[in-house]
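For reference, the structure discussed in these notes is given below.
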Amino acid sequence: MALTTLRTLFHSPVVDIIHHLKHSQGMTVRELARHLKMSYMGVKQHCVEMEKNGYMDSFRRAVPHGRPEKLYRLTVKMDALFPSIGCEVVVEMLEQAERNFGPTAPEKLLHSWFQRKADTWAFKLQKETSLENKAITLARLRTADGHMCMVESSQMGALRLVDYHQPLAPLMDKYPGLVEIECDVLERLLGQPVERAVQEFSGLKQVIFIIKT
């Protein structure tokens with residue numbers, strides 16, 4: 001992933017700011033400063049400059065007392081830093097398969113690709129015995145594929161996988177059946193039913209897989 005490479009090459013707080021914002025629904029300067037162990041003004045300087053150049057925008061969030069607080073979030077100009085498996089070449093190849101072999105060919109090919117991916121992940125998950133450890137390992141594997149996936153707990157205590165980036169989004173937009181295929185693969189790997197939900201907040205999108213037990 002480009003962001004990982006940038007972090008390796010450049011020891012700049014900007015890279016860490018981008019990382020934290022991508023894993024959130026927006027953060028205040030104070031929250032970023034606490035995570036990065038930096039001064040408030042040091043973080044604010046970077047955020048103001050990035051907003052000026054169009055890489056971030058900001059919005060207000062109401063608080064119980066006092067003035068609404070200002071949060072920063074990434075804009076679409078940052079999308080180039082995060083991978084997309086559904087690139088133009090892949091889509092064109094699937095469209096050609098559809099022309100050559102019929103309307104079901106693209107999803108059959110995608111299903112086959114997902115199953116091979118699932119076999120690889122299953123081998124790496126086989127030593128994990130608890131559901132939580134399986135979820136943590138699976139999140140790590142999905143992150144390596146660009147999903148920026150994290151294991152979180154809902155308010156009811158249920159485990160869930162949260163994708164903060166969707167590298168397959170262009171493919172899923174064109175081939176909606178891929179959504180069900182992905183859920184089936186996750187259920188097979190975790191051994192539990194999985195419910196998919198999409199959460200959008202001020203232009204930010206997260207895909208949440210709630211693990212049913």
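Which length gain, in nm to one decimal place, applies between His35 and Gln115 when the Cα-Cα distance is subtracted from 0.36 nm times their residue separation?
25.0 nm
Please work out, to two decimal places, the log10 of the ratio I(q)/I(0) at q = 0.11, 0.17 Å⁻¹ from a Debye calculation in which every Cα of segment 62-177 carries one identical scatterer.
For segment 62-177, the Cα-only Debye profile gives -0.55, -1.02.
Is the shape of the chain rounded, prolate or oblate, going by the alpha carbon gyration tensor and its root eigenvalues a ≥ b ≥ c, with a/c under 1.5 for rounded and a/b larger than b/c for prolate?
prolate
Taking only Cα atoms and a 10 Å spring cutoff, compute GNM fluctuations for the chain and point out the largest among Val90, Val14, Val43.
Result for the chain, Cα springs under 10 Å: Val90 fluctuates most.
Show which lysines lie in cross-link reach of Lys205 when reach means a straight Cα distance below 25 angstrom and same-chain residues fewer than eight apart are skipped.
Filter leaves Lys22, Lys44, Lys52, Lys70, Lys77, Lys117, Lys134, Lys174.
Under a Cβ-only charge scheme (Lys and Arg +1, Asp and Glu -1), can you give me the dipole magnitude of the chain about the Cα centre, in debye to the nearest 20? Please report the intermediate quantities before stating the final value.
Values: 28 positive and 25 negative charges, 175 e Å.
Around 840 debye, computed over the chain.
Give the residue from Leu138, Val162, Pro176 lying farthest towards the positive end of the charge dipole for segment 88-211; charges sit on Cβ (+1 for Lys and Arg, -1 for Asp and Glu) and the dipole is referred to the Cα centre.
About the Cα centre, the residue reaching furthest to the positive side is Leu138.
Just to be sure I understand: with springs between alpha-carbon atoms less than 10 Å apart, which residue in Arg142, Arg160, Arg99 has the highest mean-square fluctuation in the Gaussian network model of the chain?
Comparing Arg142, Arg160, Arg99 in a Gaussian network model of the chain, the most mobile one is Arg99.
Can you figure out the FRET efficiency of His23 with Arg196, using R₀ = 22 Å and their beta-carbon distance, to the nearest 0.05?
Details: r = 19 Å, r/R0 = 0.87.
According to the calculation, E is roughly 0.70.
Averaging sequence separations of C-alpha pairs under 8 Å and six or more residues apart, then dividing by the length of the chain, give the relative contact order as a whole percent. Could you put the intermediate results ahead of the total?
On the way: 264 pairs, mean separation 35.2, N = 213.
Result for the chain is 17 percent.
Since every read-out is calculated from the coordinates, none of them should be taken as a lab result. Computed from a predicted structure; not experimentally measured. Methodologically, a virtual Cβ is constructed for each residue, glycine included, from the backbone with ideal geometry; neighbour enumeration extends over all protein chains shown.
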